[in-house]
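Undergrad: After the structure tokens below, expect a handful of questions from me.
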Amino acid sequence: MIAIILGTRPEIIKMSPIIRECDRQNLDYFILHTGQHYSYEMDRAFFEDLNLPEPKYNLDVGSGTHGEQTAKILTGIEKVLLTEKPDVVLVQGDTNTVMAGALAASKLHIKVGHVEAGLRSFDRTMPEETNRIIADHISDYLFAPTETSRNYLLKEGIPNEKIFVTGNTVVDAVYQNLEISREKSNVLEEMNLGSGEYFLVTAHRAENVDVKERLQGIINGITAIGKEYSLPVVFPMHPRTEKMMKEFNISPEGITITKPLGYLEFLQLEAHAKLILTDSGGLQEEACILGVPCVTLRDNTERPETVNFGANVLAGTDGNQIITSSQQILETYATWNNPYGGGKSSEYIIMYLDGANVLPGTTQNMIETSPKHMLEPDTAWNNPHGEKKSSEYLIEHMDD
């Protein structure tokens, strides 16, 4: 039996292909939702939009200090694992849910698989960095998205036989969920936006929005870019950012601020943007996959592949640097390969677990392949941005 543990919407998105793969193979599994960001009742529509089954367990831990929240998650997960006794626990990413889930399972001698293992920002001021390092070092199966991630793990002394390069499930998720979003959302029409004719912005990280100078720099930079290119700047604003904008008395001008959007609406906005400016790690990946250039409003990134492949540039939060970086990537980028795989990461993850004999009753056999060669170069596809709409290309790609 597989226990799929998640607690935030990005985790739901990236775990959705694994959940679908478990259903496709008729595997015995259950979902545990910790409610780290939202209760399941608030996330119910999210599961329904993505056509996912309801979680079997909902902890509804809510917010709190890192210690308080982690303790609640750890206690709740432990009780469920003692009852269910799964063969393996799967966690994804770098949240408190991931760290607590991996720790609870490890102490109960239950195998742990860490999806998206080996990401490193090398910034220990980020709580996510601590979470991902702990999860990696107590996991039994480390599903690294790229060779870069694999090499980080090896340098930290993790045995090679525990590491499997599978690509990133975010590719699977984008391929699968983009079609759903096309069917269920017409957000561009509703907002009167043309494809490739607007900039999309997100900012929510505490180190950015809780510091007046950094938040002001972001607002100055995105305002100037909108004016320079005479294009609308769309900013679905996180409640934390909205709160700090008011507290710092920052009044943006010429920016279209909206309430937070649903995932399907936002995916459409991503796919058709001219440029994405964000401090989100997941959006750096999604922009790269969708073929949309990205400017990261941070001083570092745990997604260096996006920078190395020319899909992303680090700008920090200085307004002038944001302008320069935006001009640079808009004027010089061409095409790039998607470094995160061809949309079969969830299949590879289940295949590896089957090959490790932790999924009793499965019939699929693990193929004889070196882990480092699972993500073959020909699974990447050339970025078509500028030649045709990225969303159209993806649908064509899925039909191949």
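The values are calculated or read from the model by the stated rules, or taken from the named source; none is laboratory data. Source: prediction; values computed, not measured. Heads up, the Cβs are rebuilt from the backbone with ideal geometry, glycines too, and the neighbour counts pull from every protein chain shown. Areas reflect the complete protein model, heavy atoms only, side chains present, ligands, DNA and RNA absent. Shrake-Rupley method; radii C 1.70, N 1.55, O 1.52, S 1.80 Å.
Undergrad: Using the Cα centre of the chain as origin and beta-carbon charges of +1 (Lys, Arg) and -1 (Asp, Glu), tell me which of 336, 145, 100 is placed farthest towards the positive end of the dipole.
TA: Projecting each Cα onto the dipole axis, the largest value belongs to 100.
Undergrad: Still on this structure: Based on the Cα gyration tensor of the range 33-104, what are the three equivalent ellipsoid semi-axes, each the root of five times an eigenvalue, rounded to whole Å and given largest first?
TA: 19, 16, 11
Undergrad: Okay, next question. What does the convex hull of the Cα atoms come to per residue for the range 116-241, in Å³?
TA: Here the figure is 161 Å³ per residue.
Undergrad: Also, quick follow-up: Counting only protein chains, not ligands or nucleic acids, how are 130, 95 ordered by accessible area (probe 1.4 Å), most first?
TA: Solvent-accessible surface, decreasing: 130, 95.
Undergrad: For Cα extents along the principal axes in Å, which listed value, [x] 59, 46, 42; [y] 71, 56, 40; [z] 70, 56, 44, comes from the coordinates shown?
TA: The value computed from this structure is option [x].
Undergrad: Whole angstrom only: what separates the Cα centroid of the range 110-152 from the Cα centroid of the range 246-269?
TA: 31
Undergrad: Let me ask something else. Inverting the mean 1/r over all pairs of different Cα atoms, compute the Kirkwood radius of the range 157-209 and quote it in Å.
TA: Every distinct Cα pair counted, the radius reaches 15.4 Å.
Undergrad: For the range 266-351, with equal point scatterers placed on the C-alpha atoms only and solvent neglected, what are the log10 I(q)/I(0) values from the Debye formula at q = 0.17 1/Å, to two decimals?
TA: For the range 266-351 at q = 0.17 Å⁻¹, log10 I(q)/I(0) is -0.66.
Undergrad: Same structure, new question: When the Karplus curve 6.51 cos²θ - 1.76 cosθ + 1.60 is applied with θ = phi - 60°, which whole-Hz ³J(HN,Hα) does each residue of the range 108-114 get, with x for Gly and Pro?
TA: 9, 6, 9, 4, 10, x, 9
Undergrad: Given H placed 1.01 Å from N in the peptide plane, which residues other than close sequence neighbours of residue 60 have an amide H under 5 Å from its amide H?
TA: Here the answer is 35, 40, since their amide H atoms fall under 5 Å of that of residue 60.
Undergrad: May I ask for the angle, rounded to the nearest 10°, between helix 9-24 and the longest principal axis of the chain, with both axes built from Cα atoms and the value confined to 0 to 90°?
TA: 50
Undergrad: Return P(r) of the range 169-267 (all Cα-Cα pairs; 5 Å bins starting at 0; whole %; ordered from short to long distances).
TA: Result returned by the calculation: 2, 11, 21, 20, 17, 14, 10, 3, 0.
Undergrad: Show me 132-145, 20-33 ranked by packing, highest mean number of other Cβ atoms within 10 Å first.
TA: Ranked by mean Cβ neighbours within 10 Å, highest first: 132-145, 20-33.
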